[in-house]
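Quick notes on the structure that follows.
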Amino acid sequence: MVAIRVVTRDGAETVVDGLEGLSLMEVVRENGYDELLALCGGCCSCATCHVYVDEEYAPLLPAMSEDESDLLDGSDHRTARSRLSCQLKCNAGLAGIRIQIAPED
């Protein structure tokens, strides 16, 4: 299990455990965070699983694909910390990662 710190849109922070190999989107949704819509189910086609990742974890993440970047370009809330949680796999190297659910577009 990998500990993931999740910050909701209202600022509440909790720690959830995720199974290695699941996407961060799956872990967040399985732990009852309904504000992360993930409408496409993790197919990288909707950007409704947009999160902000703390900068200290950015070097540990896979490079952003062109598709992911294009989808995030459509968000009014994109920042340098933006990622689609469906594109980030839970692994031991990300233990303690802190993600914040982005505002809804």
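Laboratory data are not the source of any read-out in this text; all were calculated from the coordinates shown. Predicted model only: the values in this text are computed from it and were never measured. Backbone-built Cβ (ideal geometry, glycine too); neighbour counts: all protein chains shown.
Secondary-structure-derived ellipticity at 222 nm for the chain, considering helices only, amounts to -3500 deg cm²/dmol, per-run term -39500 (n - 2.57) for DSSP H runs with n ≥ 4.
Directionally averaged projected area (the chain, Cα convex hull): 5.7 nm². Of Leu36, Leu61, Leu24, which has the largest mean-square fluctuation in a 10 Å C-alpha GNM of the chain? Looking only at Leu36, Leu61, Leu24, the largest GNM fluctuation is found for Leu61. Among Val28, Val51, Val16, whose mean-square fluctuation peaks in a Gaussian network model of the chain (Cα, cutoff 10 Å)? Ranking Val28, Val51, Val16 by mean-square fluctuation puts Val16 first. Among Cys86, Cys49, Cys40, determine the one that fluctuates most according to a GNM of the chain built with springs between C-alpha atoms less than 10 Å apart. Looking only at Cys86, Cys49, Cys40, the biggest GNM fluctuation is shown by Cys40. Geometric descriptor of the range 1-53, per residue, is 80 Å³ (volume of the convex hull of the Cα atoms). Amide H to amide H distances under 5 Å link Arg98 with Arg5, Asp54, where only residues 5 or more positions off or on other chains count and H is placed in the peptide plane. Using C-alpha pairs under 8 Å with a sequence gap of at least 6, the mean separation divided by the residue count of the chain gives a relative contact order of 41 percent. Summing charges over neighbours of Ser23, with a neighbour being any other residue whose Cβ is under 13 Å away from its Cβ, gives -1 when K and R count +1 and D and E count -1. Of all beta bridges that DSSP places with both ends in the chain, some 75 percent have antiparallel geometry.
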